[in-house]
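The values are calculated or read from the model by the stated rules, or taken from the named source; none is laboratory data. Quantities reported herein were computed from a predicted structural model and do not represent experimental measurements. When we count neighbours, we look across all protein chains shown, and the Cβ atoms used for this are built from the backbone with ideal geometry, even at glycine.
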Amino acid sequence: MTIGGKPVESAGQFDVFDPATAQPIAVAPACTPDQLDDAMDAAEVALPDWSANLETRRELLAEVAAALEGAATDLAVVLTAEQGKPLKQARYEFTAAAQWFRYYAELVQKPDVFDDDDTGAVEGNYKPLGVVAAITPWNFPILLASWKLAPALAAGNTVVLKPSPFTPVATLAMGELLREVLPPGVLNVISGDGALGAQMTAHPAVRKISFTGSVATGKKVAAAAAADLKHATLELGGNDAAIALDDADPDAIADKLFWGAMMNCGQACSAIKRLYVPARRVDAYFDALADRARTVRVGPGAERSSQLGPVNNAAQHQRVIDLVADAVAHGARTVSGNAPETGYFQPVTVLAGVGDGVRIVDEEQFGPALPVIGYTDEEQALQCANNTSFGLSGSVWSADPERAETLARRLECGTAWVNQHLVLAPHIPFGGVKHSGVGVENGSLGLREFTRLQIIWRAAPANTQK
Ligand code: NAD
């Protein structure tokens, strides 16, 4: 672990598994309560200097970006070993994280001027909140950490970061790398399970929690934040609907739909998880997607030919198997591709013949299985898309982008794409509505979530004399 700029071991340890083999490949330290206190103390001690000097922060965050790019190829091997994703995609996490750091290193946050006239001047300044507890899931450990670290540090906060116990090693290695760049205590990286996450969110030093993970855990984090009136940004699960209108061409959009659903083996919060198509075109979409499911190369992430890796962990693997089996029991027909029989590999599966009310449609599958659902009219499709407690993102597909946009605007979600899905950028805010989250990450609004507003109200000279 990295605490106060130093390497720290722990008496307790836990195993980390390679999802391609289900074999243990590393042991990670289980942070003790005392070590958590040390990390929080280090973050508090580092806070005054770090928050005082914007120019130093900008320079060092640019150096962080360069360090991540420089280490991307080596650390991708570590990330692939514990997460499962193909090397190229693991490498991308580091280079994309570098983009996020560079964006926030350069972002200028100006004070708001509310009044400036002969009655006086009123200005709003954005100040850091203090120590941030950052907690990440296992699907994009490095990229999602950068969504938190880059704006939190840019705004002048210090951070204690905990990755998922399924994927701690690459994040711990990133902490080690950044010891060389950041002053001691500015970024502390610890590892452990959900109990450690709960201790972090309850810790009195923390003023802001930035959490990405499931809805169930998000509710616990929100309760912990409420108990101490901490700020919290919650990026939670999704059950994204894509709606193809009757003028969309299945063959022309099948590739984008397939990768919008299957990227990272379907383990993306804003992957397509339900595809609604006109009832008479279900077969056309099913066949086009099934062709791709049959031919996509699923294999160990370390092998160059692999386009998709395994599901990350045993519980998630079993969940996807169960949801597909439940759909089949409810009359679904399926086409599945090939996958190795070791580890947590799961063949890519396309389903048809089930709709709302069946688990794989109603719940977040978070794996390589996509239901194609027929609708009779657009209003019905929209109603189904919105008939969920999730509200992360969604998309509408049509030969007529204006027509698609009219419907997309009525999707109850944080991001609605037109003729695309899963497109993200550092300068575009991202966040969910309903149970998919509270607050946003990315862009200048993402920076603002790590700040508090102070109003400076200056009396006009004439008023001062009164
Ligand atoms: P999870 O909720 O099980 O775990 C997420 C993190 O929370 C882990 O680090 C875990 O150790 C920690 N944790 C567990 N219990 C805790 C507690 N009581 N208090 C504090 N922290 C605790 O989620 P997961 O299975 O790792 O990730 C998958 C989920 O994340 C999916 O639902 C997915 O949609 C969601 N996700 C959302 C986004 C987004 O931006 N909206 C992005 C990626 C993933």
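Residue-by-condition table, conditions (1) within 16 Å of the ligand (Cβ to nearest atom); (2) hydrophobic (A, V, I, L, M, F, W, C); (3) assigned by the TED database to the domain that holds Pro137:
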| position | (1), (2), (3) |
| --- | --- |
| Thr171 | yes, no, yes |
| Met174 | yes, yes, yes |
| Leu182 | no, yes, yes |
| Val186 | no, yes, yes |
| Gly194 | yes, no, yes |
| Gly197 | yes, no, yes |
| Val206 | yes, yes, yes |
| Ile209 | yes, yes, yes |
Practice task
Taking Val354 as the residue in question, decide whether it is assigned to a loop (DSSP other than H, G, I, E, B), within 15 Å of the ligand (Cβ to nearest atom), at pLDDT 95 or above and surrounded by fewer than 23 Cβ atoms within 10 Å (Cβ to Cβ).
Solution key: no
Fill in the blank from the handout: Reported set for segment 211-238 where residues are near the ligand (Cβ under 6 Å from one of its atoms) and farther than 17 Å from Gly431 by Cα is Lys220
Exercise for the section: Only strands (runs of 3 or more DSSP E) wholly contained in segment 42-156 count here; list those with 1 or more residues that are more than 30 Å from Ser270 (Cα to Cα), touching a strand residue (DSSP E or B) at 6+ places or on another chain (Cβ under 8 Å) and away from the ligand (no atom under 16 Å from the Cβ). Expected result: 112-117, 120-128
Exercise for the section: Pull up segment 172-230, narrow it to residues that are part of a helix (DSSP H, G or I) and hydroxyl-bearing (Ser, Thr, Tyr), then point me to the one that is farthest from Met40 (Cα to Cα). Expected result: Thr217
Fill in the blank from the handout: Of Ala26, Ala30, Ala20, the only residue that is surrounded by 20 or more Cβ atoms within 10 Å (Cβ to Cβ), touching a strand residue (DSSP E or B) at 6+ places or on another chain (Cβ under 7 Å) and modelled with pLDDT of 95 or more is Ala30
Completion exercise
Filtering segment 205-223 down to residues that are surrounded by fewer than 22 Cβ atoms within 10 Å (Cβ to Cβ) and touching a helix residue (DSSP H, G or I) at 6+ places or on another chain (Cβ under 8 Å) yields Ala205, Val215, Thr217, Lys220
Handout entry: Filter result for the condition that a residue is among the acidic types (Asp, Glu), within 16 Å of the ligand (Cβ to nearest atom) and in the same structural domain as Leu245 (by the TED database), over Glu364, Glu341
Key = Glu364
Problem - Which numbered condition Val320 misses (of (1) over 20 Å from Phe258 (Cα atoms); (2) within 16 Å of the ligand (Cβ to nearest atom)) - result: (1)
Handout entry: Residues being among the small types (Gly, Ala, Ser) and part of a helix (DSSP H, G or I) - total across segment 391-423
Key = 2
Handout entry: Criterion: surrounded by fewer than 18 Cβ atoms within 10 Å (Cβ to Cβ), modelled with pLDDT of 95 or more and in a loop (DSSP other than H, G, I, E, B) - qualifying residue of Asp246, Asp251, Asp287
Key = Asp246
Practice task
Looking only at segment 362-376, decide whether some residue is buried (at least 16 other Cβ atoms within 10 Å of the Cβ), of a type in the set (Val, Ile, Thr) and touching a helix residue (DSSP H, G or I) at 6+ places or on another chain (Cβ under 6 Å).
Solution key: yes
